[in-house]
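S.K.: I have a structure I would like to understand better, so I am pasting it below and will then ask my questions one at a time.
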Amino acid sequence: MKKILVILGCVMFIFSACGKDDDSAKTEQTSVKQPAQTEVAKDKKIKDKVIDSDDDFTKMIVKNPQLFNQEFAKFTEPQKYYFCASFAMYGLWRVKPITASAMVNYFMGLGVAKHNVGINDETFPAFRSGRNSCRHEALSDYIIKQKVCEVILNDAADFANKKNYKVGDLDKRGKIEAERVLQYIKKEKLVNKAD
């Protein structure tokens, strides 16, 4: 399990460091885009601009990434875990969607196993902040360099190894939490439409 997390960290680092200038050249060379490519193009990492879909945490931190550690320290341990799990999953999804999809249940189940807390009204905002933070280039680079999430996710993986949790068991636990995330996202979209 630890190897998976190390690979995930490397993929995220490589993704954040590579292809920044190449993407615009590729876009200019390609005259016809496929729908999947258009979706990826819309979802490119945003440089230091706050966007409408950002949550309050991300809006504050994106303007000054150095505030991350100070603000992140205010999270509870489960919130920190779900922030990092979301940050890692979303980063991996941007590079390797199939692998990320396979890892969702594992990461979510690992959070429940380690903290005895799943996705709820307290942890979902942190989960959302992790996803939103990954969308901003300078902020995600800063988080990766700080190795905050790497430490938290490795700690959770070590915990699972010591307790002899099987990946299948974590996946089963995680399916419930992944469904809760979807419910929160649907609820959030309904609230945003009402506004």
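All of the numbers you see were taken from the coordinates with simple rules; none came from a lab. Every value quoted in this text rests on a predicted model; they were computed, and no experiment measured them. Here the Cβ is made from the backbone with ideal geometry for all residues, glycine too, and neighbour counts use every protein chain on show.
S.K.: What number, in percent, do you get for the relative contact order of the stretch 47-195 if the mean sequence gap of Cα pairs under 8 Å and at least 6 apart is divided by its residue count?
M.R.: Numbers: 165 pairs, mean separation 49.7, N = 149.
It comes to 33 percent, rounded to a whole number.
S.K.: Taking the Cβ-Cβ separation of residue 121 and residue 175 as r and a Förster radius of 22 Å, what is the calculated FRET efficiency to the nearest 0.05? Let's see the in-between values first.
M.R.: Values: r = 20 Å, r/R0 = 0.92.
Given R0 = 22 Å and the Cβ-Cβ separation, E is 0.60.
S.K.: Right, here's the next one. For the stretch 133-195, state the average projected area of the convex hull of the C-alpha atoms over all orientations, rounded to one decimal in nm². Write down the numbers at each step before the final one.
M.R.: Working: hull surface 24.4 nm².
Seen from a random direction, the Cα hull of the stretch 133-195 projects 6.1 nm² on average.
S.K.: Hey, rough spin-label estimate for residue 98 and residue 167, points 7 angstrom out along Cα→Cβ, what's it come to in nanometres?
M.R.: Between residue 98 and residue 167, the simple spin-label model gives 1.5 nm.
S.K.: Something else: How would you rank 124, 159, going from fewest to most other Cβ atoms within 10 Å of each one's own Cβ? Spell out each step's value before the answer.
M.R.: Working: 124 21, 159 14.
Exposure proxy ranking, most exposed first: 159, 124.
S.K.: To the nearest 0.05, what FRET efficiency results for residue 151 and residue 53 with a Förster distance of 25 Å applied to their C-beta separation?
M.R.: Working: r = 28 Å, r/R0 = 1.12.
Rounded to the nearest 0.05, the efficiency is 0.35.
S.K.: While we're looking at this one, here's another question. Given the convex hull over the Cα atoms of the stretch 89-195, what projected area results after averaging over all orientations, in nm²? Display every interim value, and only then the final one.
M.R.: Values: hull surface 29.9 nm².
Directional mean of the projected Cα hull area for the stretch 89-195 stands at 7.5 nm².
S.K.: For the pair residue 141/residue 185, report the inter-label distance in nm, with labels modelled 7 Å from Cα in the Cβ direction.
M.R.: Once both label points are built, they end up 2.8 nm from each other.
S.K.: Taking the Cα centre of the stretch 88-195 as origin, work out the dipole magnitude from +1 charges on Lys and Arg Cβ and -1 charges on Asp and Glu Cβ, in debye rounded to 20. Could you put the intermediate results ahead of the total?
M.R.: Details: 19 positive and 13 negative charges, 53 e Å.
Dipole size: approximately 260 debye.
S.K.: Now, a different point. Any idea which of 160, 118, 183 is furthest toward the positive side of the dipole for the stretch 71-183, if Lys and Arg beta-carbons carry +1 and Asp and Glu beta-carbons -1?
M.R.: Most positive-ward Cα: 160.
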